[in-house]
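Novice: Supplied in structure tokens, the structure appears directly below.
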Amino acid sequence: MNIVIDTIIEFVKAAQLQKSPTGGRFECKDENNVVYAINGSYYLLGQIVRQYSINWDHYFVSKKAKEKWESITDKKMNDFWYRNKVVLEKNKPVKIKKYKGNASEPFSDVFQVKGDSFLYREVFHDEHMITICDIINELLNLEVVSEENVIDILNKIYVCRMLKEEDRKLKPKNHRTTDLKYVIEEVYDECGIELIKNYFH
């Protein structure tokens, strides 16, 4: 029994019924015929897939992000996420562009020195190369929602760790394809983002 995949399967089945009279609720009945239900199956499926944990061999890093990280610290980038604090440990000052949320321009663009810090998410971004909406569309188009079919689609998820400033130049953001080779050539290469694989372990 794979409780993670089983959970995703149930939400896929419920989301496939999103336009049905029941609204695509994820529901079940107990032995007393009492109904237990979770609404918003389509929305929640998106959140679940977004939080689905992938192996490090499905991660890329941009060349610029790698170079920036290594100019800041010798710690592994693997160990930092979202709101983790990153401390500048190298002696040489580093130009750091910091962003808030989805802002297109940095709120700070200055040199930082040893001992200064910032939040990972202010400078770096983990971008789903195969977009979540494309993964969801493939899941919802499954005729047979089986463990094997769902895993095959989830295995198409790849993430690139890049600079926020690179992410702001990346287009298109949505509705690409689930063909990784195409995405690399037609999206990343076209935007001048050089990728490195097998950096994380």
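Where a number appears in this text, it was derived from the coordinates with a stated rule and is not lab data. Model, not experiment: these values are computed from the prediction. Cβ atoms come from the backbone with ideal geometry, glycine included; neighbour counts cover every protein chain shown.
Novice: With θ taken as phi - 60° and the coefficients 6.51, -1.76 and 1.60, list the Karplus ³J(HN,Hα) couplings across the stretch 121-133 in order, rounded to whole Hz; mark glycine and proline as x.
Specialist: 5, 6, 10, 10, 9, 9, 9, 6, 5, 8, 5, 4, 5
Novice: Output the peptides 118-124, 149-155 sorted from most to least packed, where packing is the average of other Cβ atoms within 10 Å over each peptide's residues. Walk me through the numbers before you get to the answer.
Specialist: Working: 118-124: 19.6, 149-155: 15.9.
Final packing ranking: 118-124, 149-155.
Novice: Okay, next question. If amide H atoms are built 1.01 Å from N in the plane of the peptide, which residues on other chains or at least 5 residues away come under 5 Å of the amide H of Thr131?
Specialist: Arg176, Thr177
Novice: Per 10 Å bin, what percent of the C-alpha pairs of the stretch 124-166 does each bin hold, from zero upward?
Specialist: 28, 42, 21, 9, 0
Novice: If you place +1 on the Cβ of every Lys and Arg and -1 on the Cβ of every Asp and Glu, how big does the dipole about the Cα centre of the stretch 116-194 come out, in debye to the nearest 20?
Specialist: Result for the stretch 116-194 is approximately 300 debye, rounded to the nearest 20.
Novice: Jot down the radius of gyration and Dmax of the stretch 91-155, Cα atoms only, both in angstrom.
Specialist: 19.6, 57
Novice: Which ³J(HN,Hα) values in Hz, rounded to whole numbers, follow from the phi angles of the stretch 69-85 under the Karplus curve 6.51 cos²θ - 1.76 cosθ + 1.60, where θ = phi - 60° and Gly and Pro get x?
Specialist: 4, 6, 7, 9, 7, 9, 5, 6, 5, 3, 8, 10, 8, 5, 9, 5, 7
Novice: Okay, next question. Placing one identical point scatterer on every Cα of the stretch 113-201 and ignoring solvent, what is log10 I(q)/I(0) from the Debye formula at q = 0.10, 0.16, 0.19 Å⁻¹?
Specialist: For the stretch 113-201 at q = 0.10, 0.16, 0.19 Å⁻¹, log10 I(q)/I(0) is -0.33, -0.73, -0.93.
Novice: What percent of all Cα-Cα pairs in the chain falls into each 5 Å bin, going from 0 up to the bin containing the maximum distance?
Specialist: 1, 7, 13, 16, 16, 13, 11, 9, 6, 4, 2, 1, 0, 0
Novice: Calculate, in nm to one decimal, what His201 and Asp74 gain on full extension: separation in residues at 0.36 nm each, minus their alpha carbon distance.
Specialist: 44.2 nm
Novice: Sticking with this structure for a sec: Scan around Phe26 for amide H atoms under 5 Å from its own, H built in the peptide plane at 1.01 Å from N, and keep only partners 5 or more places away or cross-chain.
Specialist: Ile38, Ser41
Novice: Another question about this same structure. Taking H as built 1.01 Å from N, whose amide H comes closer than 5 Å to the amide H of Arg161, not counting residues under 5 places away?
Specialist: So Arg161 has HN proximity to Phe60, Val61, Ser62, Glu127.
Novice: To the nearest 20 debye, what is the magnitude of the charge dipole of the stretch 36-96 about its Cα centre, counting +1 on the Cβ of each Lys and Arg and -1 on the Cβ of each Asp and Glu?
Specialist: 340
Novice: In whole Hz, what ³J(HN,Hα) sequence does the stretch 103-111 give by Karplus (6.51, -1.76, 1.60; θ = phi - 60°), x for Gly and Pro?
Specialist: 4, 7, 10, x, 8, 8, 9, 9, 7
Novice: Additional query: Need the list of aspartates and glutamates near Lys85 for cross-linking: C-alpha distance under 14 angstrom, and skip anything on the same chain fewer than eight residues off.
Specialist: Asp116, Glu122
Novice: Which listed residue (Asn2, Val34, Ile48) has the Cα farthest towards the positive end of the charge dipole for the stretch 1-52, taking +1 on Lys and Arg C-beta and -1 on Asp and Glu C-beta about the Cα centre?
Specialist: Highest projection toward the positive end goes to Ile48.
Novice: Once the piece of chain linking Glu147 and Val113 is laid out straight, how much longer is it, given 0.36 nm per residue of separation minus the C-alpha distance between them?
Specialist: 7.2 nm
Novice: So how long is each side of the stretch 16-112 along the principal axes, counting just the alpha-carbon atoms, biggest first, in Å?
Specialist: That gives 68, 29, 22 Å along the principal axes, largest extent first.
Novice: So what are the stretch 1-52's ellipsoid semi-axes, whole angstrom, largest first, if each one is the square root of 5 times an eigenvalue of the alpha-carbon gyration tensor?
Specialist: 19, 15, 8
Novice: Can I ask one more? Once every DSSP H run of n ≥ 4 in the chain is given -39500 (n - 2.57) and the sum is divided by its residues, what mean residue ellipticity at 222 nm do you get, rounded to the nearest 500 deg cm²/dmol?
Specialist: Theoretical 222 nm ellipticity from helices: -8500 deg cm²/dmol.
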